[in-house]
1. What percent does the relative contact order of the chain come to when contacts are Cα pairs within less than 8 Å and at least six residues apart?
2. Roughly how many debye, to the nearest 20, is the charge dipole of segment 21-134 about its Cα centre, given +1 on each Lys and Arg Cβ, -1 on each Asp and Glu Cβ, and no other charges?
3. Which of 64, 33 has the fewest other C-beta atoms within 10 Å, and how do the rest follow up to the most?
4. May I ask for the net charge around residue 40, where only other residues with Cβ less than 14 Å from the Cβ of residue 40 are counted and Lys, Arg are +1 while Asp, Glu are -1?
5. Given the chain reduced to its alpha-carbon atoms as identical point scatterers, what log10 I(q)/I(0) does the Debye formula return at q = 0.10, 0.11, 0.14, 0.15 Å⁻¹?
6. For the ranges 132-141, 113-122, what's the packing order if you count other beta-carbon atoms within 10 Å of each residue, average per peptide, and put the highest first?
7. Restricting to DSSP H runs of at least four residues, report the calculated mean residue ellipticity at 222 nm for the chain, -39500 (n - 2.57) per run over all residues, nearest 500 deg cm²/dmol.
8. Eigenvalues of the Cα gyration tensor times 5, then square-rooted: what semi-axes does that give for segment 1-74, in whole angstrom, largest first?
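Just so you know, all these numbers are worked out from the coordinates, no wet-lab data involved. Keep in mind that this is a model prediction, so the values were computed, not measured. Every residue, glycine as well, gets a Cβ built from its backbone with ideal geometry; the counts of neighbours run over all protein chains shown.
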Amino acid sequence: MMRTTNRNELEKIRTSKKCDAEINLYILLDQADSIVTNAVELELKHLRVTQPQVRILTMLSRQDRPVTIEELSNWTLKEFNSVSTLINRMEKKGLVQKSKKDGDLKTYISLTEKGSELYHEQVTERSIHLIFDALSPEERDQLKDLLFKIRDITRDLLGVGYKPPFLP
């Protein structure tokens, strides 16, 4: 049952939330994420590829071996089914291929030549460079350290214990 709050209590809560440093930091982080994501998506639009697809291409291009959907799911922090659906779409586009290993039930994903060419030759990531070039090397290092800390604290809070070997 919802408690009825009087106007004075409501105003105190509103003021408290408005002045909450952590909430304000979260709002700023969310705004920064949204605007950077918008810039990247705008850049990718002409290639007819999405940012989630580029995330998968990025991971696959950094590996010297095929990767399981479970590993992709853990790396992207997305549900297995969501990643599987994404992989199916990418396979239809010819960007990735699925394979099985003898005696192994897992499905392995690797880049196709088309996916590799798209990622390495057409995805310029110019917007990312324009954004982060505005930071000094020291500011980039500070931001990186803070984002690692936030990511790791949040992973621990959520009980996401798996850390892929390719993440620092």
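1. Reported as a whole number, the value is 20 percent.
2. Values: 15 positive and 17 negative charges, 111 e Å.
I would put it at about 540 debye.
3. Working: 64 4, 33 10.
Fewest-to-most Cβ neighbours within 10 Å comes out as 64, 33.
4. Numbers: positive: 45, 55, 126; negative: 33, 41, 43, 125.
Neighbour charge sum, excluding residue 40 itself: -1.
5. Rounded to two decimals, the profile gives -0.54, -0.63, -0.91, -1.01.
6. Result, highest mean first: 113-122, 132-141.
7. About -19500 deg cm²/dmol.
8. Working: eigenvalues 354, 59, 28 Å².
Working through the eigenvalues yields semi-axes of 42, 17, 12 Å.
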